[in-house]
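Okay, structure first, notes after.
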2 protein chains.
Amino acid sequence: MSEPQVLVFDVNETLIDVESMSPLFEKIFGDARVMREWLGHLFTYSMTATLSGLWTDFFTLGQGLLTMVGDIHGVEITPEDVDDVKEAMLTMPAHPDVEPGLAALSEAGFRLVTLTNSPSNPGGRTPLEHAGLARYFERRFTVEAARAYKPAPQVYHLVDQSLGVPPSSCFMVTCHVWDSVGAQSAGFSAGLITRRGNAPLPVAALPRPDLVAPDLPALAGLLIERRRT
Amino acid sequence: MSEPQVLVFDVNETLIDVESMSPLFEKIFGDARVMREWLGHLFTYSMTATLSGLWTDFFTLGQGLLTMVGDIHGVEITPEDVDDVKEAMLTMPAHPDVEPGLAALSEAGFRLVTLTNSPSNPGGRTPLEHAGLARYFERRFTVEAARAYKPAPQVYHLVDQSLGVPPSSCFMVTCHVWDSVGAQSAGFSAGLITRRGNAPLPVAALPRPDLVAPDLPALAGLLIERRRT
């Protein structure tokens, strides 16, 4: 891979902890595992909207999918449940390893930005701000500006075009293989953090991540080591 | 909606029963519910490949995802497991309501074709052939010809272009909302069969199916009724 100058961070699950929403799904469905089912649909349907040339924001989609998943499980979703899930999406805490990892990378001289499927939150705090992480980042991009979701290439190119750098100088940091595949297909390099519920995908026709690590400090160590050699 | 002339059937789960694979997942993972998790990833990653401009066939993707899901659950996947899943994908039985529904629609004079994400199976039988359903269909399309997956619009247009009909004369029959959204965005009309594990998606910016029914004979009844009035 090229020497990365700009580290582009996915936010949901990579920096902030989606498992924090599990107790809410336990309360609504009597089964915390439904959180992962709903989250999987959220990824699938964001891609569906983009492939279909349509657009609706990530939180609105997440709320509609809650009703769909309720229907599938025979659970009636109340307006309070919908509000609770929106609130939960806005207020996930940072993973404990994130701040030390960001501090090490910032110290090492990398430029740090975010690129998230979540919308901005006019008049309120974004999930990144709520988690206390916003101050580490030079720029915070959301896919809204492209009216398309990851892993569409034009979404990644929001970053390189806005910063005036070539895609090859950008390195995606994500815990989702679909995100590393998309970033690499747009000319970025990529590192995969294997957070709980995530693992590499061995399929010959799809790009493998350039680096794989169990948490952000470990990935930071690999990036800093490469820069030194 | 326009008067549909050509009914375009999704195959996996709409005509043939994916739940038949659950005992295999129970055997491999000790938990039949992992089948739905793997299937959700199969849809997500087929869309990821298409959004990224890449191509690999549905069965190869399904086998790689089995290893990924094994990694997530801490279960080592053997070459026998991979073979068993490939075999299971090729040999799912028809849902019991399918043959009476197809017979009624054929009798009523509709043109019937299929459009599936599954590849052809040179030298062997396709899932549709194995399930004994192939004889009902004038043409059987797979997405391979477009080297892209549903719900990309060019995949649906394989059907209208090949048959020399306008998209508006085509009606997609599917149990997957992402498939009805894609078909409708390509100019088809669409009917949703709410098979187990599937339900409508109430999101204002996405098209709703023109018809919704619990099984194929019920959907056939609605289509035949419309034709009469």
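A short reminder: the numbers here are calculations on the coordinates, not readings from a lab. Fair warning: this is a prediction, and the values are worked out from it, not measured in the lab. Glycine also receives a Cβ, built like all others from the backbone with ideal geometry; neighbour counts cover every protein chain displayed.
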Nearest 10 degrees, 0 to 90: what angle lies between the long axis of helix A:98-107 and the longest principal axis of chain A (Cα atoms)? 20
With one decimal in nm and the nearest listed first, the spacings from B:Arg135 to its own position in the other copies, using label points 7 Å along Cα-to-Cβ, are 7.4
How do A:Arg135, A:Arg147 rank when sorted from fewest to most other Cβ atoms within 10 Å of their own Cβ? A:Arg135, A:Arg147
Note on chain A: contact order normalised by length, alpha-carbon pairs under 8 Å, 6 or more apart, percent, works out to 24
Over region A:18-90, relative contact order from alpha-carbon pairs under 8 Å, at least 6 apart, %: 33
Quick note on A:Leu163, A:Leu61, ordering by fewest other C-beta atoms within 10 Å, gives A:Leu163, A:Leu61
Distances in nm from A:Gly30 to the matching label points in the other copies, shortest first (labels 7 Å along Cα to Cβ): 2.5
Would you mind ranking B:Arg33, A:Arg140 so that the residue whose beta carbon has the fewest other beta carbons within 10 Å leads the list? B:Arg33, A:Arg140
For region A:18-90, diffusion coefficient by Stokes-Einstein and Kirkwood Rh (Cα), 20 °C, 1.002 mPa s, µm²/s: 173
For the protein assembly as shown, what is the number of Lys pairs with C-alpha distance below 27 angstrom, counting only pairs 8 or more positions apart or on separate chains? 5
Report, by chain and number, residues whose modeled amide H sits under 5 Å from the one on A:Phe9, excluding near sequence neighbours (fewer than 5 apart, same chain). A:Val113, A:Thr114, A:Leu115, A:Val173
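For peptide A:192-204, how many partner chain Cβ atoms fall within 10 Å of a residue's Cβ, on average?
Mean shielding count: 4.
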The ³J(HN,Hα) series, computed from each phi in region A:120-135 with the Karplus coefficients 6.51, -1.76 and 1.60 at θ = phi - 60°, rounded to the nearest Hz and given as x for glycine or proline, is 5, 10, x, x, x, 8, 6, x, 5, 5, 4, 7, x, 9, 4, 5
Helix A:34-51 vs. chain A, principal-axis angle (Cα, 0 to 90°, nearest 10): 70
Output ³J(HN,Hα) for region B:88-95: one whole-Hz value per residue in order, computed from phi by the Karplus curve 6.51 cos²θ - 1.76 cosθ + 1.60 with θ = phi - 60°, and x for Gly and Pro. 5, 5, 8, 10, 6, x, 5, 4
Of all DSSP beta bridges with both partners in chain A, the antiparallel percent, nearest 5, is 5
Restricting to Cα pairs below 8 Å that are 6+ residues apart, what does the relative contact order work out to for region B:171-229? Please round to a whole percent. 30
Antiparallel as a % of all DSSP beta bridges within the protein assembly as shown, to the nearest 5? 5
Kirkwood Rh over alpha-carbon pairs of chain B, then Stokes-Einstein at 4 °C and 1.567 mPa s: what D in µm² s⁻¹, rounded to an integer? 72
Could you tell me the ratio Rg/Rh of region A:158-207? Both radii from Cα atoms, Rh via Kirkwood. 1.02
With runs of 4+ DSSP H residues as the only contributors, calculate the mean residue ellipticity of chain A at 222 nm using -39,500 (n - 2.57) per run, divided by the residue total and rounded to the nearest 500. -13500 deg cm²/dmol
For the protein assembly as shown, with equal point scatterers placed on the C-alpha atoms only and solvent neglected, what are the log10 I(q)/I(0) values from the Debye formula at q = 0.06 1/Å, to two decimals? -0.26
Read phi for every residue in region A:139-151 and hand back ³J(HN,Hα) as whole Hz from Karplus 6.51 cos²θ - 1.76 cosθ + 1.60, θ = phi - 60°, with x for Gly and Pro. 9, 10, 9, 10, 5, 3, 4, 9, 6, 7, 9, 4, x
